[in-house]
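J.: One structure follows; several queries about it will come next.
No lab work stands behind these numbers, since they all come straight from the coordinates. On a predicted model such as this, the values are computed, not experimentally measured, just so you know. For neighbour counting, all protein chains shown are included, and Cβ atoms are generated from backbone atoms with ideal geometry for every residue, glycine included.
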Amino acid sequence: MPGLEDLYREIILDHYRTPRNRGELPTPPAVVAQGHNPLCGDEISVFLEVGDGVVSDVKVGGQGCSISQSSASMMSQAIKGRSVDEVRALVRRFKGMMSIEDVGDNEPGTDGVQLGDLEALQGVVKFPVRIKCATLAWNTLLEALEQANETAAS
């Protein structure tokens, strides 16, 4: 489907050229997690504010390839205003889509989770070396969620 591939490529380039939720949040109340892919030099910072079990705000920063930066931008849009449980389900669904085995729809707890524009990144699976680029922001998000959980528990 050449038309669909062109659309997906355009979505990725749009998020790379005009990233959403770019910047920093004051810490605290926000937590910050840093992600780095030493193989290609991609860097991601995720600033996350969670209140009453909901991601109330998120900002991303960093530098790297169009895949890592677009994925971070799309992720930030997808999680803002969602409950932590919904965010974790979205992470599982996204990482399932990024799996070479393509277990995305079979991931536990992802029933009904829609990826929307994030599906533009599914073509990355054809290039296994780039999967780490696409999932870097998501792994960093999980670290930030863990920090937020620890902060809330103390």
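J.: When Lys and Arg each count +1 and Asp and Glu each count -1, what net charge do the other residues less than 12 Å away from Val58, Cβ to Cβ, add up to?
T.: Counting the neighbours of Val58, the net charge comes to +2.
J.: I need to check one value: relative contact order of the chain, counting alpha carbon pairs closer than 8 Å and at least 6 residues apart, in percent.
T.: The value is 27 percent.
J.: Let me ask something else about it. Below 21 Å, Cα to Cα, which lysines can Lys126 reach? Residues fewer than 8 away in the same chain don't count.
T.: Hits, sequence-local ones excluded: Lys95.
J.: Turning to a different aspect of this structure: Taking 2.2 N^0.38 Å as the expected size of a compact globular protein, what ratio does the Cα radius of gyration of segment 2-153 give against it, to two decimals?
T.: 0.98
J.: Continuing with this model, one more query. Among Ser73, Ser45, Ser99, which one shows the biggest mean-square fluctuation in a GNM of the chain, springs joining Cα atoms closer than 10 Å?
T.: Result: Ser99 has the largest fluctuation of those listed.
J.: By a straight-distance test (C-alpha under 17 Å), which lysines pair with Lys80 as possible cross-link partners, with residues fewer than eight away in the same chain excluded?
T.: Within the straight-line limit of under 17 Å, Lys80 reaches these lysines: Lys59.
J.: How would you rank Asp42, Asp57, Asp85, Asp52, going from fewest to most other Cβ atoms within 10 Å of each one's own Cβ?
T.: Asp52, Asp85, Asp57, Asp42
J.: Additional query: Pull out the extension gain between Asn149 and Lys126, defined as 0.36 nm times the separation in residues minus the alpha carbon to alpha carbon distance; nm, one decimal.
T.: Separation in residues times 0.36 nm, less the Cα-Cα distance, equals 4.8 nm.
J.: Right, another one. Can you tell me what share of the DSSP beta bridges in segment 2-153 is antiparallel? A percent to the nearest 5 is fine.
T.: 95
J.: Now for a separate question. Can you give the local net charge around Ser73? Use residues other than it whose beta-carbon is closer than 13 angstrom to its beta-carbon, Lys and Arg +1, Asp and Glu -1.
T.: Once all neighbours under 13 Å are counted, the net charge is +3.
J.: Next up: For the chain, find the longest principal axis of its Cα atoms and tell me its angle to the long axis of helix 66-79, 0 to 90°, nearest 10.
T.: It works out to around 50 degrees.
J.: Give, as a single signed number, the net charge of other residues whose beta carbon lies under 13 Å from the beta carbon of Leu13, with Lys and Arg counted +1 and Asp and Glu -1.
T.: -3
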